[in-house]
Amino acid sequence: MGHRQRRRRSPRGPAQVTAKLTIPFVGEISGTWEPADAERSAAWELYLELVTRVSVEELDPEEGFLREALSSLYTFFTTTREILRRYGPDVAPPLAPGHVSFGVLAVTVLNRVLRPLLASWHPRLTAYESQRPPGRDPVAHERQWEHVDALRAEITAVRQTLVSLARTLQEVAGVSDLIDLPAPRAPRSPERGHPPPAGQRGPDRSEP
């Protein structure tokens with residue numbers, strides 16, 4: 001049997017999107033994006049990085065750990081630069097006024113959103129962590145910090161920008177929503193008086 005010739009998929013995603021990002025405490029950047037093939041591929045890679053990190057997850061006040069959030073944002077900073085290097089000038093072409101590219105959006109997020117947050121808060125949190133008494137839980141120690149609410153608020157503002165970026169990347173890459181995934185449903189317990197169907201019963205607790 002001969003090998004079947006693989007059909008090439010047609011390019012995914014729209015030919016043009018309107019991108020708009022709010023920069024915390026600064027303003028916004030917006031424009032028309034007409035992505036090239038390299039930009040679509042880069043958009044998918046960066047989208048995947050965003051949706052698999054705590055950077056786009058809500059930081060629960062009772063469960064969130066600020067050090068983990070900052071560390072995730074720091075590694076995202078590094079990964080974004082690697083993607084820009086890998087795809088090169090094709091993701092940052094010369095643009096007409098009112099237009100943006102993958103390179104413009106990515107570098108704006110790095111330099112105007114992530115860098116100020118990390119430069120300001122990483123050393124301050126590190127200095128406070130160095131004062132933790134031996135044997136004290138790191139999370140409990142962090143929650144006693146006088147600046148914890150201020151840092152949490154800034155991380156939340158940055159997260160909103162990253163979610164907006166992720167939505168734009170999702171549209172350009174032509175992929176499904178991987179941020180707001182439906183929560184799995186808990187299995188329904190059998191009604192009282194009706195045993196579960198055969199094959200779904202648990203082990204007999206009377207056995208040794």
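The values are calculated or read from the model by the stated rules, or taken from the named source; none is laboratory data. Everything quoted here is computed from the prediction, not taken from an experiment. Glycine also receives a Cβ, built like all others from the backbone with ideal geometry; neighbour counts cover every protein chain displayed. Accessible surface areas use protein heavy atoms only, side chains included; no ligands, DNA or RNA. Shrake-Rupley method; radii C 1.70, N 1.55, O 1.52, S 1.80 Å.
Restricting the first residue to region 170-181 and requiring it to be on the phi > 0 side of the Ramachandran plot, which pairs with a second residue that is surrounded by fewer than 17 Cβ atoms within 10 Å (Cβ to Cβ) and hydroxyl-bearing (Ser, Thr, Tyr) meet a Cβ separation below 9 Å and a spacing of at least six or different chains?
Partner pairs satisfying both residue conditions: none exist.
Please find, among 69, 127, 140, the residue that is of a type in the set (A, V, I, L, M, F, W, C), in a helix (DSSP H, G or I) and modelled with pLDDT of 95 or more.
After applying the criteria, what remains is 127.
Any idea how many residues of region 76-106 are open to solvent by less than 60 Å² (accessible area, probe 1.4 Å) and either at pLDDT below 90 or part of a helix (DSSP H, G or I) (or both)?
Residues flagged as open to solvent by less than 60 Å² (accessible area, probe 1.4 Å) and either at pLDDT below 90 or part of a helix (DSSP H, G or I) (or both) within region 76-106 amount to 15.
I'd like the residue in region 31-50 that is under 15 Å from the mean Cα position of the chain (by Cα) and of a type in the set (A, V, I, L, M, F, W, C) and, out of all such residues, is nearest to residue 20 (Cα to Cα).
43
Which residues, taken from region 80-102, are of a type in the set (Gly, Ala, Ser) and in contact (Cβ under 8 Å) with a residue 60 or more places away in the chain?
Result: 98, 101.
Taking region 25-48 as the search range and keeping residues that are of a type in the set (S, T, N, Q) and more than 11 Å from residue 83 (Cα to Cα), which one is most open to solvent (accessible area, probe 1.4 Å)?
The selected residue is 30.
Report, by residue number, each residue of region 32-61 that is modelled with pLDDT of 80 or more, closer than 17 Å to residue 161 by Cα and among the hydroxyl-bearing types (Ser, Thr, Tyr).
Those that are modelled with pLDDT of 80 or more, closer than 17 Å to residue 161 by Cα and among the hydroxyl-bearing types (Ser, Thr, Tyr): 47, 52.
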